[in-house]
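K.L.:
Could you have a look at this structure, given as structure tokens, before my questions?
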Amino acid sequence: MSVVSLSWPEMAACAGSPDLFFGADDETAVERRRRVREAQAVCAGCPVNLACLTFAWGTQVQHGVWAGVDFDRTPRPVCGNGLHVMDPANTRIGRDGYKCCVACHDAKNQRQQDRRQERKAAV
Ligand code: SF4
Ligand SMILES: [Zn+2]
């Protein structure tokens, strides 16, 4: 049995539907919102979203929805807490497509660990 190795674009959930990811020039704001939401839903279930995000950052894309990020609106997205740039090294993507900020996640774990140690020390 031979093993076929596919590159990430060949595994992309968006293959063949570029219109959904790059809007037309005459698109209205309402159409745009709807299109971006639909594109983000496709990205959420895409098996190669981290490779896609890495590519988008590496090539400094300025347009389109890549890995669920609307690069037309946010060329350099930051995390939900507004503290860290969500580049591929700082992004963990869950199975549901949810993007977690690694720095915030680690800081939260550290705070919990510190609190546990303080409680232990107080006993
Ligand atoms: S994450 Fe989205 S834009 Fe990237 S390859 Fe998958 S479906 Fe396409
Ligand atoms: Zn963060």
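K.L.:
Quick check: the angle from helix 102-122's long axis to the longest principal axis of the chain, C-alpha only, nearest 10 degrees?
P.N.:
Rounded to the nearest ten degrees, it is 10.
K.L.:
Another question, if that's okay. Restricting to DSSP loop positions (anything but H, G, I, E, B) with no more than 15 other Cβ atoms inside 10 Å of their own Cβ, which chymotrypsin sites (Phe, Trp or Tyr not before Pro) remain in segment 21-76? Mind showing how you got there, number by number?
P.N.:
On the way: sites: PHE21, PHE22, PHE55, TRP57, TRP66, PHE71; in loops: PHE22, PHE71.
The qualifying sites are PHE22.
K.L.:
Which cross-chain or sequence-distant (5 or more) residues have an amide H under 5 Å from the amide H of ALA13, H modelled 1.01 Å from N in plane?
P.N.:
VAL48
K.L.:
For the chain, modelled as a Gaussian network with Cα springs under 10 Å, which listed residue fluctuates most, VAL65, VAL30, VAL85?
P.N.:
Most flexible of the set in this elastic network: VAL30.
K.L.:
Follow-up question, since we're still on this one. Given GLY80, CYS52, ALA15, which one lies farthest toward the positive end of the charge dipole of the chain, if we put +1 on the Cβ of every Lys and Arg and -1 on the Cβ of every Asp and Glu?
P.N.:
GLY80
K.L.:
Then there's this: Are there trypsin sites (Lys or Arg not before Pro) in segment 35-82 that DSSP puts in a loop and that have at most 15 other Cβ atoms within 10 Å, and which ones? The partial results should precede the final answer.
P.N.:
Working: sites: ARG35, ARG37, ARG73; in loops: ARG73.
Taking segment 35-82 and a limit of 15 other Cβ atoms within 10 Å, the loop trypsin sites (Lys or Arg not before Pro) found are ARG73.
K.L.:
What full-extension length gain, to one decimal in nm, is calculated for VAL123 and ASP26 as 0.36 nm per residue of separation minus the Cα-Cα distance?
P.N.:
Working: separation 97, 0.36 × 97 = 34.92 nm, distance 6.63 nm.
Net length gain for the segment: 28.3 nm.
K.L.:
LEU6 versus ASN81, label points 7 Å from Cα toward the beta carbon: distance in nm?
P.N.:
Roughly 3.7 nm, to one decimal.
K.L.:
Helix-only estimate, please: 222 nm mean residue ellipticity of the chain, summing -39500 (n - 2.57) across DSSP H runs of length 4 or more and dividing by its residues, to the nearest 500. Before the final figure, lay out the partial values.
P.N.:
Numbers: 4 runs with 51 residues, N = 123.
So the calculated ellipticity at 222 nm is -13000 deg cm²/dmol.
Computed from the coordinates by the stated procedures, all read-outs in this text should not be read as laboratory data. Remember, it's a predicted structure, so these values are computed and weren't measured experimentally. Note that each Cβ is placed from the backbone with ideal geometry, even for glycine, and that neighbours are counted across all protein chains shown.
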